[in-house]
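Report on the structure given below.
Coordinate-derived values only; no laboratory data. Just so you know, these numbers come straight off a predicted model, no measurement behind them. FYI the Cβ positions are ideal-geometry reconstructions off the backbone, even for glycines, and counts take in every protein chain you see.
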Amino acid sequence: MHSRRQFIVKGAKLVAAGAAAAAAGPSVFVRGAAAADKTLKVLQWAHFVPAYDKWFDPWAKDWGSKRGVEVTVDHVGFADVVPRATAEVAAQSGHDVHMFIGLASAFEEHVVDLKDVAANLEKKYGKPVELAHRSTYNAFTRKQFALSDMWVPDPGNFHKKVWTDIGMPSGPSTYEDLVKAGPEIRKAAPQMQIPIGIGLSQDIDSNMAVRNILWCHGGSIQDKDGNVVLNSAETLKALEYAKRLYSVGMNQAVLSWNAASNNQAFNAQETAYILNSISAYRTAQDNKLPVLDNYFFTPALKGPTGIQLASEHVMSGYVVWKFSKSQDIAKEFLVALVDASRESMLASKLYNFPSFYGAAAEPNTPTAKRTDSGAAWIAKQCNADPFGSHPGDKLSLLSKALPWSTNLGYPGFANPAEGEIFDTYVITDMFAKAATGAMSPKDALAEANTRCKEIFAKWRKKNMVAGGSKDR
Amino acid sequence: MSSTEIALARPAAAAVETLSRRDRRLGKILLAPALAYIFVLVAIPFLLAVLLSLTNSSAGSLEFSFVGLQNFRSVLSSAVFLRALRNTFVFTLVSQGLVIVMGNILARALMKPFRGKLLVRFLILLPWAAPISLATLGWLWIFDSTFSVINWMLKVVGWLGPGEWYYWLGDPVLGMVAIIIVHVWRMLPFSTVILLAGLTSIPKEVHEAADIDGAGALAKAFQITLPMMLPILTVAVLFGVVFTFTDMSVVYLLTRGGPFNSTHVLASLAFQDGVLGGDVGRGASVAIFLVPLLVVMAVVMLRLSRRAEVV
């Protein structure tokens, strides 16, 4: 049995030993670091197509080992990308490279300007696609706050048999088609719970879907100069349209939509139309689901204005933190990632599209022709899907997605205010309230407009967003 | 006392004094880690939150300037905040009411001997041990608007007719019902264990004496069991109320505050505004809004329980 004195003496010895170990710690760490030479820590999302991560992790490590760099890749779920960035900025430590799948603009102050990297890549491969540029460059502060290696098109996914049964074998081509189809689908496929599965909830897919509706009706949150112009007759028309669509083709399920709901509902044949990238389709292929033969795609729908636009489904935005001690290595890594655009697209089963089309060009193509060459290679993959689509050209529309794809912040550039409006679901809530009748379209618009103006005003005070003189 | 006795008593008194001083020193040493823990992980973050609520701090920046009470004024004029405030009270009061009533019933049942009691105790404790994120994923499927197993069962038994369906997470009222159900499921084991401990600590003799005096079941419940359990009941309620007031996990994992921000509680709204939206100042003002109320509540309840302590 130990006396209290013995207990304290032993405890004191343990504490002293611990303190000595802690004091020795840094020198041990330095020796370890010296042995590893250089390190690079990358935070990456868990890709919606898991095959991509199986390629990315060894590729990154291999890239590092050839240069004497120990590369560590950590994956987080897409919903944790922003909270993790917030925590790392607050702690001023963490990863060197952080990947965003939406807008990284709110973190502009804490990231390295990647203008030199973008310029080098442009010299090598030609210009990036416009929506990637507009998502990673702040035209007001003139800072290249992120670098995009890939973006993801967001086509419509439709159930061929159901749409054939209602007399539209090629699926819908306008937003009005969805309203016409809603009641018809209910008759032709009464077993389907949600004829039109467009989310109106607080999730990433809904956020994009409602922007598509807004833009195609001629509305937008900001104009090209950063003025808040949400309060418009066009937005009101978009909200009235959402109300009509909800009443004939949707139910409350779309108010609780999450990032997996599109996939689950379509693959279970509980809906006849969703807005989604090809990840749901790849899941159906991998699992040989009954829906597969009827799984087809349409381009973005046209609104009454004739505008045909869809938000990108994902836009990668890699940032290098200012607190990183491996900034140069990080920049080299990003260049290498763009260099590997072909492998990236194939590893993601054609989910990722290169932000620099030129990086997918045939080797030895002159710089001026690289973009076209890359586009031709991309089209070749989509026209004869190497991952077993039937028919082989099922994904061919994706290679023509660029003209109808745009960035968050359209018709302007992405900026922190647009990012905050996106992340706090101001626009989805406006649509959901108007569609369900929880508020009149006019009141829902007024509420959202007030919040948007508040958010823009706040970021303007920080000199990170332009406009203001023509706010509505 | 003789001079010899005084001489002998002096060293003894000195020894007692030294021991007492040592005890005090030891007490301070043993308390220090706990105090340091509270100071570093509770006091500093709390003071920081108060400070941030008075600033225009944003997630992507370490610089901020003071804006006074502007954040509080802004949130008070927001319909979403007022709804979240109301939801916080509904969520806390309804779920805690259910937890205390059901915990009592379960605790009383568990005091009786029956076959398989150990297994039942294990099953009751299981929700407390399960990670909330994992458990809520299970509940997410149970309440899924398209694939809800509850709805399928209700269809099978004929409760729901053709075309009828409960959109648990897509309806503001059903969304709150779902959140409360999951929270009650989660909190019930803790409450049951606490109440069971309270019930078993009441000496049998007191009940036997009451029986001899001819007290009925109701009289025993209200004049013996309840007063004797009041201290432990207060602790259970206080813990449950504070925990529920400040918890966001069930709301965030189940509805993310939707549909259209109608099921937010203050904690989840603070996370959405402060962390996801990047408006740290606004998020902090939402998060600390109820602190004064919680402090008053804690003081009142602790005083109540101290007064009710059985000596």
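With 10 Å bins from zero, work out the P(r) of region A:360-472 over every alpha carbon pair and list the percent per bin.
12, 25, 21, 20, 20, 3
If contacts are Cα pairs under 8 angstrom and at least 6 residues apart, what is the relative contact order of chain B in percent?
After rounding, I find 27 percent.
If you average the sequence gap of Cα pairs under 8 Å that are 6 or more apart and divide by the length of region B:23-116, what percent do you get for the contact order?
Averaging sequence separation for qualifying contacts and normalising by length gives 12 percent for region B:23-116.
What share of all Cα pairs of region A:313-383, in percent, falls into each consecutive 10 Å distance bin?
The percentages, shortest bin first, are 19, 44, 27, 9, 0.
Compute and list, largest first, the equivalent-ellipsoid semi-axes of region B:148-307 from the alpha carbon gyration tensor, each √(5λ) rounded to a whole angstrom.
In descending order the semi-axes read 39, 27, 10 Å.
Give me Rg over Rh for region B:161-250, both radii from the alpha carbons and Rh done the Kirkwood way, two decimal places.
That ratio is 1.20, to two decimals.
For peptide B:71-81, what's the mean number of Cβ atoms from other chains within 10 Å of each residue's Cβ?
Per residue, the average neighbour count from other chains is 1.
Within a Cβ distance under 15 Å of residue A:351, other residues only, what is the Lys/Arg minus Asp/Glu net charge?
-3
Can you work out the FRET efficiency for the pair residue A:443 and residue A:223, with r the C-beta to C-beta distance and R0 = 35 Å, to the nearest 0.05?
After rounding to 0.05, the efficiency reads 0.90.
Could you work out how far helix A:50-65 tilts from the main Cα principal axis of chain A, as a 0 to 90 degree angle to the nearest 10?
Once rounded, the angle reads 30 degrees.
Reachable aspartates and glutamates from residue A:187, Cα under 12 Å, same-chain residues fewer than 8 places away excluded?
A:165
Can you tell me the orientation of helix A:81-91 relative to chain A, as the angle in degrees between its alpha-carbon axis and the longest Cα principal axis, to the nearest 10?
Long axis of A:81-91 versus the principal axis of chain A: about 30 degrees.
Aspartates and glutamates within cross-link reach of residue A:470: Cα-Cα under 18 Å, excluding same-chain residues under 8 positions apart?
Within the straight-line cut-off, residue A:470 pairs with A:223, A:225, A:234, A:418, A:454.
For chain B, how many pairs of lysine residues have a Cα-Cα distance under 23 Å, where the two are 8 or more positions apart or belong to different chains?
Counting lysine pairs in chain B gives 4.
For all pairs of alpha-carbon atoms in region A:156-248, what percent lies in each bin of width 5 Å, listed from the first bin to the last filled one?
Taking all Cα pairs of region A:156-248, the binned fractions are 2, 13, 21, 22, 17, 12, 6, 4, 2, 0 percent.
How large is the Rg to Rh ratio of region A:225-356 when both quantities use alpha carbon positions and Rh follows Kirkwood?
1.06
Evaluate the Debye formula for chain B with equal point scatterers sitting on the alpha carbons, no solvent, and hand back log10 of I(q)/I(0) at q = 0.06, 0.10, 0.15 Å⁻¹, in q order, two decimals.
For the requested q values the scattering log ratios are -0.33, -0.79, -1.27.
If you count, for each residue, the other Cβ atoms within 10 Å and average over each peptide, how do A:186-199, A:363-376, A:147-160 line up from highest to lowest?
Working: A:186-199: 20.2, A:363-376: 14.6, A:147-160: 24.5.
Packing proxy ranking, top to bottom: A:147-160, A:186-199, A:363-376.
So how do A:452-465, A:46-59, B:192-205 stack up, highest first, on mean other-Cβ count within 10 Å?
On the way: A:452-465: 19.9, A:46-59: 17.3, B:192-205: 15.7.
Per-residue mean Cβ counts within 10 Å order the peptides as A:452-465, A:46-59, B:192-205.
Ratio to report: Rg/Rh of region A:397-444, with Cα atoms as the point set and Rh obtained by the Kirkwood method; give two decimals.
1.13
Taking each residue in B:137-146, count the Cβ atoms of any other chain within 10 Å of its Cβ, then average. What number comes out?
Whole-number average of other-chain Cβ neighbours for B:137-146 is 4.
Between 0 and 90 degrees, rounded to the nearest ten: what's the tilt of helix A:233-249 against the longest Cα principal axis of chain A?
80 degrees
Please work out the ratio of the alpha-carbon Rg of region A:49-99 to 2.2 N^0.38 Å and round it to two decimals.
The value comes to 1.30.
Could you work out the relative contact order of region A:334-472? I mean the mean sequence separation of Cα pairs under 8 Å and 6+ apart, divided by the number of residues, in percent. Mind showing how you got there, number by number?
Numbers: 125 pairs, mean separation 16.2, N = 139.
Relative contact order for region A:334-472 comes out at 12 percent.
Which peptide among A:429-441, B:36-48 comes first, and what is the full order, when sorted by highest mean count of other Cβ atoms within 10 Å?
Highest to lowest by the protection proxy: A:429-441, B:36-48.
Below 12 angstrom from the Cβ of residue A:151, what's the summed charge of the other residues (Lys, Arg +1; Asp, Glu -1)?
Working: positive: A:134; negative: A:130, A:149, A:154, A:312.
Counting the neighbours of residue A:151, the net charge comes to -3.
When Cβ neighbours within 10 Å are restricted to other protein chains, what is their mean count per residue of peptide A:247-253?
Other-chain Cβ atoms within 10 Å of each residue's Cβ, averaged: 4.
What number in nm² do you get for the protein assembly as shown if you take the convex hull of its Cα atoms and divide its surface by four?
46.1 nm²
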